[in-house]
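Take a look at the structure set out below.
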Amino acid sequence: MTLLEAITLGVIQGLTEFLPVSSTAHLRVIPPLLGWEDPGAAYSAVIQCGTLLAVIAAMWPDVVALARGFVAGVVGGRPWQSVESRVALLIVLGTLPIVVVGFALRDLVKGDARRMEVVIGALVAATLLMAAAEWVATRRAARGAAPRDGLEGIGLRDGLGMGFAQVLALVPGMSRSGVTIASGMLGGLDRRTAARFSFLLSLPAVAAAGLLEAWEERAGILGSADGIAAALAGTTAAAVVGYAAIRWLLSMLGSRTLWPFIVYRLALAALLAWALATGRVPSLG
């Protein structure tokens, strides 16, 4: 992998990891369209470490507050008392489903689940979920029901619901941010709060996946000077672009809807179906 390829894939990862358009789908299809080799699930997970850094940097005040609150709550024997401690505990509980399912279906996720037919189907399925969330939000607004705003409005049902929705992100094409934000909106959260919790919820899962893959694939990815340079370049690009994407999306969802992303995802699914049918991309790289 050249440095140009590594940086390009890092930029794609950073941009599409947080925008609800599916990073895996883009990383799966763009390389063959450009005549590059598929970087594979392992490299994709490694450069996710860049997006991990992006979340920590962009959400630093929340990360610090949640960490302090959780420690204080556990030490004081009241982990559910403060907002910060409760949200931190919900992140822990919400991470358990993807850890269990991810390990159980690891071979499938790294193998047949990356087939282009699966990616296209997942793109459409998650898009329908996002559209349903917007429809429900519109109906609630018409009835005069205000969505819950702020982390203090997040409860056990939200944490577990978004945690189970995050499991769907194991399927390429789903989009972690897309399905978790949609799940939060369906539960009654406003878009910005759902996105904010979605990003915080991603921290443990992304850290575990990226660091585990980096360790297990260290010989292939980090076993040479060129491999190390490519991994560092891709990770750095993902971190910088990911930070900008998070800040922009949080600002945008304060006054806008998910509909632009819904339209984009449907167009992308149609494009991928055409590319697969015409042989421009393989079913499995």
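Suppose we filter A270, A229, A277 for residues that are surrounded by fewer than 17 Cβ atoms within 10 Å (Cβ to Cβ), within 24 Å of V55 (Cα to Cα) and more than 20 Å from the chain's Cα centre (by Cα); which single one remains? Going through A270, A229, A277 in turn, the sole match is A229. Yes or no: A125 at pLDDT 85 or above, touching a Leu at 6+ places or on another chain (Cβ under 7 Å) and part of a helix (DSSP H, G or I)? No: the conditions fail for A125. Candidates R196, R265: the one that is basic (K, R), under 30 Å from R140 (Cα atoms), touching a Ser or Thr at 6+ places or on another chain (Cβ under 7 Å) and in a helix (DSSP H, G or I) is R265.
Can you name every residue in the range 17-31 that is surrounded by fewer than 24 Cβ atoms within 10 Å (Cβ to Cβ) and modelled with pLDDT of 90 or more? Those that are surrounded by fewer than 24 Cβ atoms within 10 Å (Cβ to Cβ) and modelled with pLDDT of 90 or more: L19, V21.
Inside the range 111-143, can you point out the residues that are surrounded by 15 or more Cβ atoms within 10 Å (Cβ to Cβ) and either farther than 21 Å from L186 by Cα or without any contact (Cβ under 8 Å) to a residue 24 or more places away in the chain (or both)? A113, R114, R115, M116, V118, V119, I120, G121 - these are the residues of the range 111-143 that are surrounded by 15 or more Cβ atoms within 10 Å (Cβ to Cβ) and either farther than 21 Å from L186 by Cα or without any contact (Cβ under 8 Å) to a residue 24 or more places away in the chain (or both).
I12 falls short on exactly one of the conditions (1) surrounded by fewer than 23 Cβ atoms within 10 Å (Cβ to Cβ); (2) in contact (Cβ under 8 Å) with a residue 60 or more places away in the chain, and that condition is (2).
Scanning the range 34-47 for residues that are at pLDDT 80 or above and surrounded by fewer than 20 Cβ atoms within 10 Å (Cβ to Cβ) returns L34, G35, W36.
Here is a yes/no grid of residues against (1) part of a loop (DSSP other than H, G, I, E, B); (2) of a type in the set (S, T, Y); (3) touching a residue at least 12 places away in the same chain (Cβ under 8 Å); (4) at positive phi:
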| site | (1), (2), (3), (4) |
| --- | --- |
| G69 | no, no, yes, no |
| G77 | yes, no, no, yes |
| W80 | yes, no, no, no |
| E84 | no, no, yes, no |
| V87 | no, no, yes, no |
| L90 | no, no, yes, no |
| I98 | no, no, yes, no |
| V101 | no, no, yes, no |
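Checking every residue in the range 233-245 against the condition of being of a type in the set (F, W, Y), under 29 Å from W60 (Cβ atoms) and modelled with pLDDT under 90 gives zero matches.
Determine whether the range 131-144 contains at least one residue that is polar (S, T, N, Q), over 17 Å from R192 (Cβ atoms) and part of a helix (DSSP H, G or I). Scanning the range 131-144 turns up no residue that is polar (S, T, N, Q), over 17 Å from R192 (Cβ atoms) and part of a helix (DSSP H, G or I). The single residue among A57, A65 that is under 19 Å from G150 (Cα atoms), among the small types (G, A, S), out of contact with any Leu (no Cβ under 6 Å at 6 or more places or on another chain) and part of a helix (DSSP H, G or I) turns out to be A65.
The values are calculated or read from the model by the stated rules, or taken from the named source; none is laboratory data. Remember, predicted model here, so these are calculated numbers, not experimental data. Glycine also receives a Cβ, built like all others from the backbone with ideal geometry; neighbour counts cover every protein chain displayed.
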